[in-house]
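The values are calculated or read from the model by the stated rules, or taken from the named source; none is laboratory data. Just so we're clear, the structure is a prediction, and the values are computed from it rather than from any experiment. Virtual Cβ from ideal backbone geometry, glycine too; neighbours counted across all protein chains shown.
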Amino acid sequence: MGLLKIIKDKVYPTTSRYISRAKLLEGVLSGTDQLFRCLFVDNSNLADYIAGRTYEEAPRIVRQWRAWNPSLIKTIEKKRNNIDMCVAVLPLEYGSRFQNAYDFKAQEWVRQVIDTSGSLEEIVGAFHQKKRQLTGKLIHKSGLTYRISNDLEDFHRFYHFMYLPLARQRYGGNSVIRPYEEMERVFKKGFLLLVTEGDSAVSGCLCFVGKDHRLNFHSTGVLDGDESYIKKGAQLALYYFNILYAKEHGLDKVDTMKSRPFLNDGVYRTKREWGATVYPDDEPESWVYFFNLGSPEKFSLFFERNPAVVYTETGLKALVGVEKGFEPTPERKKDLIDRFYDPGLDGLLFLAPDKETPGEFSFRDYEH
């Protein structure tokens with residue numbers, strides 16, 4: 001390791017508390033003809049994730065610089081007339097400083113946990129209908145089964161021929177890929193659950209039993225990242241067999257670990273369809289602040305495309321954008337509940353293009 005990198009690694013944790021990368025992007029908001037300018041202040045990779053979901057095509061970088069976190073509010077105010085929105089990912093210590101300045105806040109991640117304390121029939125009953133159907137069609141009819149392994153050779157094959165190919169296929173880069181040594185430490189305190197077709201392992205996941213008597217579903221992989229195995233149910237089977245393993249070993253929960261806090265994110269949705277309840281991240285390092293600096297219309301359009309899990313004084317809530325003239329009739333409420341209700345969410349906030357303030361209703365008033 002070079003001297004410069006060593007110095008950077010030592011200094012970065014301190015400097016990142018005070019200085020963040022700032023990037024002003026401009027492009028067409030996906031699904032619209034609206035030009036949208038968003039300022040991202042972020043030392044993680046959340047900005048790239050959100051930008052990829054927000055713009056019709058790759059946005060133009062208007063400007064990028066290093067922002068001084070303590071004076072971010074002043075920076076935003078100076079640019080208010082030229083920006084539609086700001087997304088800032090900042091250390092937890094800035095919470096009190098921005099208390100009355102942001103419109104909404106979230107975390108970089110939420111945690112999703114499947115309750116396995118009931119009967120198998122009750123657990124399966126909480127699955128989305130599609131998952132119940134696919135479980136029968138793809139797993140049982142494909143003849144897939146599973147085995148548990150503590151063999152280091154199996155771990156080596158899992159990491160290089162299952163985990164890496166799937167991660168690179170899914171994320172297209174190394175930014176979210178966990179190092180071999182880190183994964184090996186998890187393996188040594190846990191095990192591999194390998195889905196098999198005949199004598200061959202076609203997918204796998206790294207697991208360990210953690211606190212609160214729960215099975216932690218850590219990382220997954222599919223052999224060679226091969227789509228044909230995924231179509232046969234190799235990835236689907238990992239969830240089902242983890243749930244089955246937890247039930248057979250008297251474990252009360254399957255912790256599917258962290259997901260991005262967006263209700264239409266593919267990973268988030270998949271876990272929800274397996275009956276997962278959403279919880280706050282219990283190991284947070286930052287808050288994600290959303291500042292509306294432009295019109296209610298564009299702010300609403302953003303959350304129509306990026307419905308999010310946000311934090312309020314009464315708990316986690318869904319935040320979604322709705323159409324102009326929206327009225328929360330019983331029929332429209334039911335439609336939103338059917339689309340966005342998740343166990344663990346207290347209610348729903350909705351942003352309309354023609355309203356300055358959000359509307360709200362509770363999920364507790366409705367049976368789902």
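Quick notes on this structure:
- For residue 170: the one exception among (1) farther than 21 Å from residue 113 by Cβ; (2) within 20 Å of the chain's Cα centre (by Cα); (3) crowded, with 18+ Cβ neighbours inside 10 Å; (4) not β-branched (Val, Ile, Thr): (3)
- Residue check for residue 119: more than 25 Å from the chain's Cα centre (by Cα), among the polar types (S, T, N, Q) and more than 21 Å from residue 275 (Cβ to Cβ): no
- Any chance residue 62 is in a strand (DSSP E or B), closer than 20 Å to residue 296 by Cβ and not hydroxyl-bearing (Ser, Thr, Tyr): no
- Restricting 335, 365 to those that are modelled with pLDDT under 90, out of contact with any helix residue (DSSP H, G or I) (no Cβ under 8 Å at 6 or more places or on another chain) and exposed (fewer than 14 other Cβ atoms within 10 Å of the Cβ) reduces the list to 365.
- When 124, 176 are screened for being in the same structural domain as residue 239 (by TED's automatic domain parsing) and at pLDDT 85 or above, only 124 passes.
- Scanning region 254-270 for residues that are over 10 Å from the mean Cα position of the chain (by Cα) and surrounded by 21 or more Cβ atoms within 10 Å (Cβ to Cβ) yields 254, 255, 256.
- When 123, 61, 114, 50 are checked against the criterion of being under 15 Å from residue 22 (Cα atoms) and surrounded by 13 or more Cβ atoms within 10 Å (Cβ to Cβ), 50 stands alone in meeting it.
- Criterion: among the small types (Gly, Ala, Ser), buried (at least 19 other Cβ atoms within 10 Å of the Cβ) and under 14 Å from the mean Cα position of the chain (by Cα) - qualifying residue of 276, 352: 276
- Residues that are under 26 Å from residue 203 (Cα atoms) number at least 3 in the following strands (runs of 3 or more DSSP E) confined to region 241-303: 253-259.
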